[in-house]
Each structure stands twice: as structure tokens, then as C-alpha cells.
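The values are calculated or read from the model by the stated rules, or taken from the named source; none is laboratory data. Every value quoted in this text rests on a predicted model; they were computed, and no experiment measured them. All Cβ positions, even for glycine, are placed from backbone atoms using ideal geometry, and neighbour counts span all protein chains on display. Only protein heavy atoms, including side chains, enter the accessible area calculation; ligands, DNA and RNA are left aside. Shrake-Rupley method; radii C 1.70, N 1.55, O 1.52, S 1.80 Å.
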Amino acid sequence: MKFLVTGATGFAGPHTINTIMQDGHEVVAMARDMSKCAGIVDAVGEENLEKIEFVYGDLADLDSLTKIFDEHVFDGVFHIGAFAHPGDSFRTPLLANQTNILGMAHICDQILEKMPKCVLMNCSTPEVYGICPGDRKIAEDMPLRPNNPYGVSKAGADMYMLERVQTAGLKGFVTRAFSHTGPRRRSNYSISSDAIQIARILRGEQEPVIKIGNMAAQRIVADVRDIAEVYYLLMIEHMKGNVKDGEIFHIAGNELHTIQHYLDLMLNMSGLTETVKLEIEPKFFRKVEIPVQIPDDSKVRQLLGWEPKYSIEQTLKDLLDYWLKELENGS
């Protein structure tokens, strides 16, 4: 089968490409910055990298998307690309909405017009729920009450897609992966921000002081490679008729911890527990914080018989190793 993956040079995109290709399928990888394409070799390997067809595409540029859908016929689209950082969205809310809502509209409309049998996986986010009750699990039918521009833009994108499913016959489903990290996570996200600072300290490039944000926030953190596996498995299950059009799936890790807990694990495995000081950095705090998220992902686990493969310790070790290698290479 042939799949389009948007956001191909980002965080989850390359890991999803790797998962797809491990099962022998063809991938067309969409990137806005073509100079970054070779850089995903760390996730896909040299052999797969040579097999990928990279194409230019900008979610807000209809002409670039039209060209892709004119030149290819896809069995499925993994729509992972997005304006994806909640904090940055406060500075450029219009850009977040243009990229996410308009991008979703462009992709839905191209599929409906040119390849209506194609299945769309819409990579959404729990940010669409806003601040949720901390005393119970968040189910897929939770009302959408986003409290930042990024969440608003993704809620709008979800609503556009689901309306197209209901009234125009679009085939597809929605995934909402809760907190996840691992190799390739950008350093302006929590946990990865701590990891790159630890790596710099280990290399003697930073004083033994780690700038931190809100360490009391509680999250269940999964590995990005586990998340990518679920994206792919759900696509295959849809094609088998086991996933309904418009269905929404939560994906999450196993255990709830504070962000401080994840930092402590990395400090311990790095041997820095006794030597590093923590210093509050105001700019690392969100304007509107979500104190706790407890997802209910029982539906996807029951459907797929799925459990995360990566322990949080392995995920954090791999994240640290990623940043050590990136710094060594001068990235």
C-alpha cells in the first residue's frame, strides 16, 4: 500500500514512517523544509531513507497540496504535520489556526475530490479538552474546551474533518495521543528541555544548573515509538473494517507522575543528582497551565490488544542519548 505522511521531518512523523516501512509499504513523505529530509535517518535508517519519496508541501498552501494529490494515489494519509506547540501559539495564534484548520480542510477536500477511498488519520491532541477534572479519567466523549490558541486550532481541525465524515463520506478516524517523548522531541517541550540541558552539562557545555518550568504538573508519558505503532495499527484496522469512520482514540502510557519525577529519573541515570541545581525559568511556564491529565485509553488497548513496549526509563535514556549525539554533531 501507499501512504502519505505529513510532518515527515518533525517528531512523530519519522517514527511513523519507520513503522509503516517496516511492514513493507510505500511512503511519500511531505516536508515544508526539504533540507531536513536527510536528517530523519536517525529514525528510519539508511536503507529506508533511500526508499522514501520526499515531496514539498505546506499545509497552508493549497497549490503545493494539490500537486501532491494530483501526482499520487494514496491508500491512506497519516496527517501528523501541524503547528504543534501550545506556548508558541500564544505569540502567533493566526498562524496556528491557518496551519491547522486550513491545512486539515485542504487535505480533506483533496481526498474527497481525488481519492475518496483513501483513509485519513487525523493526529489530534488532548489540548482540545483544556483543563480537565483531575479526579477522573478523560474519555473520548469529553467536551472540547480548549484554553490556548493551539488547542482551539486543533479542535477546529477536528470539527472540520468530522463534519466531512458525517456529511461528505470522508473515510478516517481521529487519534489523540497524550504526553509522549523520545528521540527527536524538540527542546522547547518539557522533559526534552531538561534532557538537552543534562546533555550539555555532561559535555561540559553548560554550568550544572537546569532551568525548569512547572514541575508539579502531572502527566502520563509514553514513548513516541509506541504512539507511532498505534497510529499504524489503527490505520490497518480501519482498512479491515474494525474502526468506524469518525471514531476517536486516546493513546497514552501507563503511569501518572509529576514532571519532576521524569527529571529525577534522568538526573539519576546521568549521575548528576547530587551536583545539579534547579532554577525556575519564568518563560518556561505556560500562560494557562493544565495541571493534570488522566486519559482513558482503554478503547484502543482493547481493540488492538496493545500495551506500550518501551519503559519510561528506556524512553528517557534514548532521549538523553539522542541529545548527546545531536550536540556531538553540532546540531
_Pairs please, first residue from the stretch 78-98 and within 11 Å of Ala60 (Cα to Cα) and part of a helix (DSSP H, G or I), second anywhere and polar (S, T, N, Q) and open to solvent by less than 40 Å² (accessible area, probe 1.4 Å), Cβ atoms under 6 Å, 6+ apart in sequence or on different chains._
Ala96/Ser89; Ala96/Ser153; Asn97/Ser153
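Does the stretch 153-182 hold any residues that are in contact (Cβ under 8 Å) with a residue 24 or more places away in the chain, in a helix (DSSP H, G or I) and among the hydroxyl-bearing types (Ser, Thr, Tyr), and which are they?
Initially, the stretch 153-182 is screened for residues in contact (Cβ under 8 Å) with a residue 24 or more places away in the chain, giving 153-158, 160-162, 164-166, 168-182.
Filter once more, so that each one left must be in a helix (DSSP H, G or I): 153-158, 160-162, 164-166, 168.
Matches in the stretch 153-182: Ser153, Tyr160.
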_Quick test for you: out of Cys108, Cys123, pick the one residue that is under 23 Å from Glu289 (Cα atoms), at pLDDT 95 or above and not aliphatic (A, V, I, L, M)._
Cys123
*Only one of Val128, Val73 is under 20 Å from Glu247 (Cα atoms) and among the β-branched types (Val, Ile, Thr); which?*
Val128
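Checking the conditions here, which among Leu65, Leu4 is more than 20 Å from the chain's Cα centre (by Cα) and crowded, with 18+ Cβ neighbours inside 10 Å? Outline the logic, then answer.
Numbers: Leu4 fails: more than 20 Å from the chain's Cα centre (by Cα).
Going through Leu65, Leu4 in turn, the sole match is Leu65.
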*Considering the stretch 261-282 alone, what residues qualify as being in a helix (DSSP H, G or I), free of Cβ contacts under 8 Å to residues at least 24 places away in the same chain and more than 13 Å from Met215 (Cα to Cα)?*
Asn268
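With the requirement that a residue be part of a loop (DSSP other than H, G, I, E, B), of a type in the set (A, V, I, L, M, F, W, C) and within 15 Å of Glu313 (Cα to Cα), what does the stretch 183-228 give you?
Applying the first criterion (part of a loop (DSSP other than H, G, I, E, B)) to the stretch 183-228 yields 183-191, 203-208, 213-217, 221.
Imposing the further condition that a residue be of a type in the set (A, V, I, L, M, F, W, C) reduces the set to 191, 215-217, 221.
Selection gives Ile191, Val221.
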_Candidates Arg286, Arg301, filtered to the one that is open to solvent by 20 Å² or more (accessible area, probe 1.4 Å), farther than 17 Å from Ser192 by Cα and not in a strand (DSSP E or B)_ = Arg301
*How many residues are outside any loop (DSSP other than H, G, I, E, B) and out of contact with any Ser or Thr (no Cβ under 8 Å at 6 or more places or on another chain) if we restrict to the stretch 317-331?*
9
*Count, please, the residues in the stretch 75-106 that happen to be open to solvent by 10 Å² or more (accessible area, probe 1.4 Å) and farther than 20 Å from Arg186 by Cβ.*
8
*the stretch 237-260 residues that are on the phi > 0 side of the Ramachandran plot, paired with ones that are open to solvent by 30 Å² or more (accessible area, probe 1.4 Å) (beta carbon under 6 Å, 6 or more apart)*: Gly246/Leu162
*Failed item in (1) over 18 Å from Arg164 (Cβ atoms); (2) of a type outside the set (S, T, N, Q); (3) buried (at least 23 other Cβ atoms within 10 Å of the Cβ); (4) under 18 Å from the mean Cα position of the chain (by Cα), with Gly57 passing the rest*: (4)
*Quickly run through the stretch 45-77 and pick out the residues that are outside any helix (DSSP H, G or I) and without any contact (Cβ under 8 Å) to a residue 60 or more places away in the chain.*
Ile52, Glu53, Phe54, Val55, Tyr56, Gly57, Asp58, Leu59, Ala60, Asp61
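Any residue at all in the stretch 24-32 that's small (Gly, Ala, Ser), within 18 Å of the chain's Cα centre (by Cα), in a helix (DSSP H, G or I) and modelled with pLDDT of 95 or more? First the steps, then the outcome.
Looking only at the stretch 24-32, we keep the residues that are small (Gly, Ala, Ser), and these are 24, 29, 31.
Next, from what is left, pick out any that are within 18 Å of the chain's Cα centre (by Cα): 29, 31.
In the following step, the residues that additionally are in a helix (DSSP H, G or I) were identified as none.
No, every residue in the stretch 24-32 fails to be small (Gly, Ala, Ser), within 18 Å of the chain's Cα centre (by Cα), in a helix (DSSP H, G or I) and modelled with pLDDT of 95 or more.
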